[in-house]
Each structure stands twice: as C-alpha cells, then as structure tokens.
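The values are calculated or read from the model by the stated rules, or taken from the named source; none is laboratory data. Note that the coordinates shown come from a computational prediction; the quantities given were computed from them, not determined experimentally. Positions of Cβ are backbone-derived with ideal geometry, glycine not excepted, and every protein chain shown enters the neighbour counts. Ligands, DNA and RNA are excluded from the accessible area calculation, which covers all protein heavy atoms including side chains. Shrake-Rupley method; radii C 1.70, N 1.55, O 1.52, S 1.80 Å.
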Amino acid sequence: MTDEPTSSAFPHRHLLGIEGLSPDDITALLDRSERYIEHNRQADKKRSSLRGRTIINLFFESSTRTRTSFELAGKRLGGDVINMSAQWSSIKKGETLIDTAMTLNAMHPDVLIVRHPESGAVQLLSEKVDCAVINAGDGMHEHPTQALLDALTIRLRKGRLQGLTVAICGDVAHSRVARSNIQLLNTMGARVRVVAPRTLLPAETERLGVEVFHDMALGLKDVDIVMMLRLQLERMQGSFVPSLREYFHFFGLDYQKLEAAKPDALIMHPGPMNRGVEIDTEVADDIDRSVIRQQVEMGVAVRMACLEALSQAPRNVAPAT
Amino acid sequence: MTTRTLFTQARLLDPATRLDRKGDILVIDGCIAQIGDRLARDGAEIVDCGGHCLAPGIVDMRVQLREPGDEHQETMATAGAAAAAGGVTTMVALPNTDPVIDEFALVEFVARRSRDVGLTRIRTYAAATKGLRGKELTEMGLLARAGALGFTDGIAAIADAVVMRRALSYATTFDLLVMQHPEEPRLAEGGTMTEGEIATRLGLPGINPAAEIIMIERDLRLVEITGGRYHAAHVSTAGAVDAIRRAKARGLSVTCDTAPPYFALNETAVGEYRTFAKVSPPLRSEEDRRAVVEGLRDGTIDAIASDHAPQDQESKRLPFASAASGMVGLETLLPLALELHHNGHVPLLQVLAALSQRPAEILRLPAGKLGEGMPADFVIFDLELPWRIAVDAFHSKCRNSPFDGRPTQGRVLRTVIAGRTIYRDDAKAS
C-alpha cells in the first residue's frame, strides 16, 4: 500500500451528509476504506498521508466510539489529533458556536470533526471556517460516516448494496443514523424499509423513499439486512412508547421475529445497544449473523478514508450541501 | 353432545340485513345454525317467541361496573343481572375502577369474572394513559392482546393535546380504537349542569356546550394528522353532532355514541335540584336534544350506550353541586331507545342497529347480527307493551335513575346468550 492518492479526488470540500453525494462519490469512499481494513489489522498501523495535518475533534455531545474512531483514524494516518469536548472551558463559558468556530479557524486546522446536538449546526459551522469539516452527527439530521461504515460492512459481507432489502427498525424519528442510511442505501439502489411504532416515525416518512411497516413480522419478511436503532431511555417511558416491556415484545429483535428475514440476513446496530430493549442479547451476540462488532472495525477504516479524501480535496470547489 | 334450541314464532329483526319477518332460528351449540320458516324440530328444545321481536342482543358499549374497588355500588354479578334484564348480551366496562384497568392482568381479571358470573358477556376498555393520569401511554399492544377493546380515560377526557396525538398515533401501530370523554376539562371545571337560563335561575355553576364541541373539534384535527381510529362518547350537543357529521363526510375514521338521557331528557329534568338528573356531560337544552335525535336519525350518531353509572344514595343525597354524576341505565336502555321508534323519529331497524350492530362493528366484536354461524345472542322483546319504569324492580345495586315512574312502551321478555336463556321476564314470559 502506498501513500499516494488511491482514488480520484473527492469532489466536495466537506462531508456534511450523505445527501448530495453521488453513487460514484460513495463507491470511491468505500473503495478507499476497503484498502484500510487489512492495514488496520497489522501490527504496524502507522501511515503518513496526513503527516503535518491538524485534525480537531470538536464534540458538543458526548460520544465514545465515534470520537475514538476518528481519533484513531487521524493518528494512524500520521495526523495530529486534538480532542475538544463540550466541557471545553470557553464553550462552557457561553461562547457561541460561531465564535468557537472562528477561534479554532484562527489556529489553522486542516480538518474539523464536529458533533452537535442540533440539526444543521455542523453546516453552520462549516460556512465559517476555511478547513474541511466532517459531520460526526448533528441532531436528528445526519451521521454520514456511520452510514458509510454500515455500507462497507454490508458490502464486505454481501458483495454489493444494489438490490438488497434493508429493514431499519426502531426510533427512526429521532435518528440521524436512520436518515443517513436511508439516503445512502437509496442512492446505491437498495430497497429500504422502516419498521417502528407510529410514534417513532417522523411525518411523511414514505416521502424519503422507504416502505413503512408497523409489524416486525411483515417488515422483516425476506430482508437481507436488519438494522436496529437505539431507543433512548427517556423515550421509553410512556411518551413515545408505553414501556420497555411492550417495546421489546413488539419491536425488539429476537430469534422469533428474525425468522421472517432471509436465513442469511445480517444484524446490525450502530451502538451502544440496549440489550433486552431493541435487541435480544443472544441475537446481538450471534457470531454468524450479528456484524455489530465488525461495524465498529469498519468505522476506523471509513474514517481514515474520509479524512484522507478531504485532505486531498481541492480547496476551491463548492461545498457538498 | 350437541345442544339444539329452536326459537319459533319470532318476528326476526336483523339490522345488518334489513331483515324484518316472521320466522324461526335454530341454534346449535351456541351458534346460529339456520334461519328460516317452520324449521324441523329434530329434538331441539323449543322457545316459542309468541310473535314477539327477536333481535341481536344489545351491545352496550359503555358501562361502569364499579368492580374492582367499589363493590358496594355494583359488582359484575349485579351488573350482569341488570344487563340480562335489559336485553344486553355484551357490555363493555370503562377502566375507571380501583385499581384502574391499565395492566393486562386486570383485563384478564375482567374476562375471568365475566365467565364466573356467566350472565351478560363482560368486556373492557383499558386506560389510554397510566393510572388515568393523562400523561403516559399504557401498553396498548399488550393490553389489546389481553382483550382490551379500546383505550379511554373513562369519565375523564384525554385533555393534553400532545398526549392525545400520541395515543392516536401509537394506537394506529396496532389499529386500535381510542375513545374520548369529550369535555374540555378547564372549561367544564366546577360546572354542574348546562350553562343557561335554568342554571342561572338555580344558581348553579354551568358548563357551556362549547366544552364538548371544542374537545371534539380538536380531536378531529388530531385524527386527521394521525390517521387514528377515534370514538367520541356520549355526544350531547348540536355542535358536536355537526362536527362529527362533517368529519365523516371528509372520510375520517370517526364514530360516536350517545346515551338515553341526551335524547329522552333535557335540562328541565333537573327541576328543583334533582341529583338523579345530574349526569356527565350534563343534560342539555331542548335544541341540543333534538340535534341528538336528528344525529341518530341520519346515522351521524352510530350507537346508543346506556352509560350505566351506579351511584349509591350517599353519593346522590347531597346538594346538587356536591352530588355524584351518573345514572343507572342497563335496565332502561331498550325501552328508552324504542321511544325513538314509537315517536316516529327513527325507524325500528335503525334503533336496533344503534343498539347492537353498530357498536359491535366499532368494537370489532362477533355480535350484533343474526347471521348463520354467529353466536346466538338475542333479545326477545314485546315491542308494544306499555309499562312504567320502576327502580324498585331493578337488579342493579343502585337506583339512581331519573326515569323512575316514566310510562314507556316495549319490554324485554327474554335474553339469550349463546342459545342459553339468562333472563326471562316472569310477568310476561313467552
């Protein structure tokens, strides 16, 4: 493996979402990611393609796996990675998002990786800085690297995305993972279903190009991929769904519900899992069907590819979105 | 061993098929096996209906049974006896008991008690919100599986618009019915009877009819955005009937019922502070009463329920404002509903549809029709017999009826469940 650019240049300045990416953009990123999978399994993981580059992880919302994954990705490519979290003093002191962006911009970073609890905040920030920005999750809007790592996992196991049927199950309404995945899978020619109680589906979900189901047995019928979403605890107690018990009974993935899917269907979950709420613990740990740990592994490869692609991107092209 | 019962010499009335003719019904093992003329007796037990009416048993879609929790007022056994005497073959209880029916074990409790009592079939709604507190949704999916027929907060409105939206929305997940007590609680707060001249003269705090209309109009908007299945209970005002009429014309999945006090009485029945005439919603103006009759006539109002609400003397022998609301209704439901027919306001088959066919359809129960294969739940009644309502003859534990002494026409002779007679009028037995 060389340090030379291995794919055609990524034609966007930022990675703010899957929306706006072409099938070729996505395929190029996945191809690039795939090359890092083996690399990451070696003892010597260090490369130098981002040597001298400064990457700032700017997280306004707590995260372990995404932040660590980006940090590892940056370091393995030889970049200098700095982590800043919501506890960062000036944010705590009431500095506005734009002021924070301007302050960081003055330090000339090359890539800003941003997570924020409000939809659209990452885009707003991207408009104020000179460097590349990667959206690591903004509110209920997008989480593009999650969708890419999911796609990479699927492609690795199934050899393709086109023509597969994917069921995304659970709290679609509050999920940026669902929105990014719906975008990506539709762009790549997969058929997407969502399965959830009506209260966990946003208005006019059908208009996103998905088939809507309220019954797991129907929604999982003959699917290739079952993608479970996390149900946040505060949404379980009577407001959106009446109880954990009822949610698991009707929407938790267990072997009985899984029977409707194809025998070789894969089980995915973006993590962190609520065992016994959206997913039965045995199913989650099924080594033949659950690819949940593989998703985490793919995460680092995908983020390396994204960092590299954006570092090599021409600076004078229009923003992606 | 099969049991065969042949009901002969009946005037068969089936609103679902518009059937109204003389004939026989053969019942085998609790289900209707054959409907026809002069059916072969074949060793069947014979019930001679003597030319009287035989119709699908009444499906009373709203009663309060007071069990569990207030057995001094009513039990499933006494309510079962009252229902049987009233020609009711299925009744559906509100969840406002103590404890509240918001757990599936309690739904199963009602089913078990119904079997133990062995009279009128007793089903139940479950609470729409935990503890009827109007905040958190109940486990509608599991409760429905246990047998709950719909979701309601009983005699309290689901007042919070967000909670109502979520209840309707969540219910669509499983295609379940949400039933509202349509009264805006802040507007009704402290009120004891309908706002207007009589309340003013009596010095009683009033409830404006708008409290009902506003809640229904709000809910209809929520039905429109959620696609939920919605039922408005005891509709009592012209404005509400009108709103529902328009909603049905727009194709919304909306149904409603009313109860005898809202078409057989008006606010003048309160007289000099008669607490038996205190009901919720309150008795309305004559104009509203006429609108309810018109709603029944044109089918806007789908069903007639008894709204049976037993209250003991201690709850009613109080100053009007302090007295409890409600009246017993199981044993007067049929004759009061038949007044609509005798007065020429609503055709007989349509009255019967509102008592059996429509509520069974709304609740998706296998009842309310005289079809072959259907459970043999019948009411056999004398359509013409004049008599006077007497609360002393009631089987219910409570006597709180404003209709005591009212001359009426039409009387239950026999009530049959699954081919088995559970009530026979001794005075007029066929």
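Quick grid of which residues meet (1) under 18 Å from the mean Cα position of the chain (by Cα); (2) farther than 18 Å from B:Ser396 by Cβ; (3) modelled with pLDDT under 95; (4) crowded, with 21+ Cβ neighbours inside 10 Å:
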{"residue": "B:Thr17", "(1), (2), (3), (4)": "no, yes, no, no"}
{"residue": "B:Asp24", "(1), (2), (3), (4)": "no, yes, no, yes"}
{"residue": "B:Asp29", "(1), (2), (3), (4)": "no, yes, no, no"}
{"residue": "B:Cys49", "(1), (2), (3), (4)": "no, yes, no, yes"}
{"residue": "B:Leu54", "(1), (2), (3), (4)": "no, yes, no, yes"}
{"residue": "B:His72", "(1), (2), (3), (4)": "no, no, yes, no"}
{"residue": "B:Ala82", "(1), (2), (3), (4)": "yes, no, no, yes"}
{"residue": "B:Val100", "(1), (2), (3), (4)": "no, yes, no, yes"}
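Scanning for something of a type in the set (S, T, N, Q) and more than 20 Å from B:Asp20 (Cα to Cα), does the range B:292-304 turn up at least one residue? I'd like the intermediate steps shown before the answer.
Kept after step one, since they are of a type in the set (S, T, N, Q), are these residues of the range B:292-304: B:300.
In the following step, the residues that additionally are more than 20 Å from B:Asp20 (Cα to Cα) were identified as B:300.
Within the range B:292-304, one or more residues are of a type in the set (S, T, N, Q) and more than 20 Å from B:Asp20 (Cα to Cα).
With the checklist (1) open to solvent by 10 Å² or more (accessible area, probe 1.4 Å); (2) out of contact with any Asp or Glu (no Cβ under 9 Å at 6 or more places or on another chain); (3) modelled with pLDDT of 95 or more in hand, flag the one item B:Ile35 doesn't pass.
(2)
Filtering the range A:221-267 down to residues that are part of a loop (DSSP other than H, G, I, E, B) and within 11 Å of chain B (Cβ to nearest Cβ), which residue is surrounded by the most Cβ atoms within 10 Å (Cβ to Cβ)? Outline the logic, then answer.
Of all residues in the range A:221-267, those part of a loop (DSSP other than H, G, I, E, B) come to A:221-224, A:229-232, A:236-243, A:252, A:254, A:259-265.
In the following step, the residues that additionally are within 11 Å of chain B (Cβ to nearest Cβ) were identified as A:236-243.
Values: A:Met236: 21, A:Gln237: 14, A:Gly238: 18, A:Ser239: 16, A:Phe240: 23, A:Val241: 30, A:Pro242: 27, A:Ser243: 18.
Here the residue is A:Val241.
Could you please find all residues in the range B:344-373 being within 18 Å of B:Ile301 (Cα to Cα) and outside any helix (DSSP H, G or I)?
Correct list: B:Gly344, B:His345, B:Val346, B:Pro347, B:Arg364, B:Gly368.
Could you go through the range B:356-370 and let me know if any residue there is over 18 Å from the mean Cα position of the chain (by Cα) and touching a residue at least 24 places away in the same chain (Cβ under 8 Å).
yes
Let's see how each residue does on (1) in contact with a Pro (Cβ under 8 Å, 6 or more places away or on another chain); (2) more than 10 Å from chain A (Cβ to nearest Cβ); (3) crowded, with 23+ Cβ neighbours inside 10 Å; (4) part of a helix (DSSP H, G or I):
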{"position": "B:Arg115", "(1), (2), (3), (4)": "no, yes, no, yes"}
{"position": "B:Gly131", "(1), (2), (3), (4)": "no, yes, no, yes"}
{"position": "B:Ala144", "(1), (2), (3), (4)": "no, yes, no, yes"}
{"position": "B:Ala159", "(1), (2), (3), (4)": "yes, yes, no, no"}
{"position": "B:Val163", "(1), (2), (3), (4)": "no, no, no, yes"}
{"position": "B:Leu168", "(1), (2), (3), (4)": "no, no, yes, yes"}
{"position": "B:Thr172", "(1), (2), (3), (4)": "no, no, no, yes"}
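Does A:Thr103 satisfy the criteria of being more than 24 Å from A:His12 (Cβ to Cβ), open to solvent by 30 Å² or more (accessible area, probe 1.4 Å) and at pLDDT 95 or above?
no
For B:Glu217, state whether it is in a helix (DSSP H, G or I) and either open to solvent by 30 Å² or more (accessible area, probe 1.4 Å) or without any contact (Cβ under 8 Å) to a residue 60 or more places away in the chain (or both).
yes
For the range A:144-159, which positions are out of contact with any strand residue (DSSP E or B) (no Cβ under 9 Å at 6 or more places or on another chain), at negative phi and surrounded by fewer than 23 Cβ atoms within 10 Å (Cβ to Cβ)?
Matches in the range A:144-159: A:Arg155, A:Leu156.
So which of B:Arg11, B:Arg18, B:Arg112, B:Arg4 ends up being in contact with a Cys (Cβ under 6 Å, 6 or more places away or on another chain) and among the charged types (D, E, K, R)?
B:Arg11
Can you name every residue in the range A:110-134 that is buried (at least 22 other Cβ atoms within 10 Å of the Cβ) and either β-branched (Val, Ile, Thr) or out of contact with any His (no Cβ under 7 Å at 6 or more places or on another chain) (or both)?
A:Val111, A:Leu112, A:Ile113, A:Val114, A:Arg115, A:His116, A:Val122, A:Leu125, A:Cys131, A:Val133, A:Ile134
Can you pull out every residue in the range A:161-187 that is at positive phi and open to solvent by 10 Å² or more (accessible area, probe 1.4 Å)? Walk me through how you get there before you give the answer.
Within the range A:161-187, the first condition is being at positive phi, and the residues that meet it are A:163, A:170.
Scanning the range A:161-187 gives a single hit, A:Gly163.
Evaluate the following for A:Arg193: is it of a type in the set (Lys, Arg), at negative phi and free of Cβ contacts under 8 Å to residues at least 40 places away in the same chain?
yes
How many residues are surrounded by fewer than 24 Cβ atoms within 10 Å (Cβ to Cβ) and either over 14 Å from B:Met215 (Cα atoms) or of a type in the set (D, E, K, R) (or both) when one looks only at the range B:174-186?
So the answer is 6.
Of B:Thr138, B:Thr90, B:Thr120, B:Thr124, which residue is within 14 Å of another protein chain (Cβ to nearest Cβ) and open to solvent by less than 10 Å² (accessible area, probe 1.4 Å)?
Within the list B:Thr138, B:Thr90, B:Thr120, B:Thr124, the selection yields B:Thr138.
Filter the range A:200-220 down to the residues that are modelled with pLDDT of 95 or more and among the β-branched types (Val, Ile, Thr), then identify the one that is surrounded by the fewest Cβ atoms within 10 Å (Cβ to Cβ).
Going through the qualifying residues, I end up with A:Val212.
Please specify each residue of the range A:87-97 satisfying the condition of being surrounded by 15 or more Cβ atoms within 10 Å (Cβ to Cβ) and either at pLDDT 90 or above or under 26 Å from the mean Cα position of the chain (by Cα) (or both).
A:Trp88, A:Ile91, A:Leu97
What do you reckon, is A:Gly78 assigned to a loop (DSSP other than H, G, I, E, B), of a type in the set (Gly, Ala, Ser) and out of contact with any Pro (no Cβ under 7 Å at 6 or more places or on another chain)?
yes
Given (1) touching a Pro at 6+ places or on another chain (Cβ under 8 Å); (2) assigned to a helix (DSSP H, G or I), identify the lone condition not met by A:Thr103.
Just one mismatch for A:Thr103, condition (1).
Determine which member of the set A:Asp24, A:Asp44 is assigned to a helix (DSSP H, G or I) and farther than 26 Å from A:Pro272 by Cα. Let's see the steps before the verdict.
Working: A:Asp44 fails: assigned to a helix (DSSP H, G or I).
Unique residue meeting the criteria: A:Asp24.
Quick check: anything in the range B:93-114 touching a residue at least 60 places away in the same chain (Cβ under 8 Å) and of a type in the set (Gly, Ala, Ser)?
no
Take A:Val81 and decide whether it is closer than 22 Å to A:Ser311 by Cα, modelled with pLDDT of 95 or more, open to solvent by less than 30 Å² (accessible area, probe 1.4 Å) and touching a Gly at 6+ places or on another chain (Cβ under 7 Å).
yes
Scan the range B:174-184 for residues that are touching a helix residue (DSSP H, G or I) at 6+ places or on another chain (Cβ under 8 Å) and away from chain A (no Cβ under 14 Å) and report the count.
5
Hey, any hits in the range B:405-417 for a residue that's out of contact with any Ser or Thr (no Cβ under 7 Å at 6 or more places or on another chain), of a type in the set (A, V, I, L, M, F, W, C), buried (at least 17 other Cβ atoms within 10 Å of the Cβ) and in contact (Cβ under 8 Å) with a residue 12 or more places away in the chain?
Checking the range B:405-417: at least one residue is out of contact with any Ser or Thr (no Cβ under 7 Å at 6 or more places or on another chain), of a type in the set (A, V, I, L, M, F, W, C), buried (at least 17 other Cβ atoms within 10 Å of the Cβ) and in contact (Cβ under 8 Å) with a residue 12 or more places away in the chain.
I need a count of the residues in the range A:189-220 that are within 14 Å of chain B (Cβ to nearest Cβ) and part of a loop (DSSP other than H, G, I, E, B).
Residues flagged as within 14 Å of chain B (Cβ to nearest Cβ) and part of a loop (DSSP other than H, G, I, E, B) within the range A:189-220 amount to 8.
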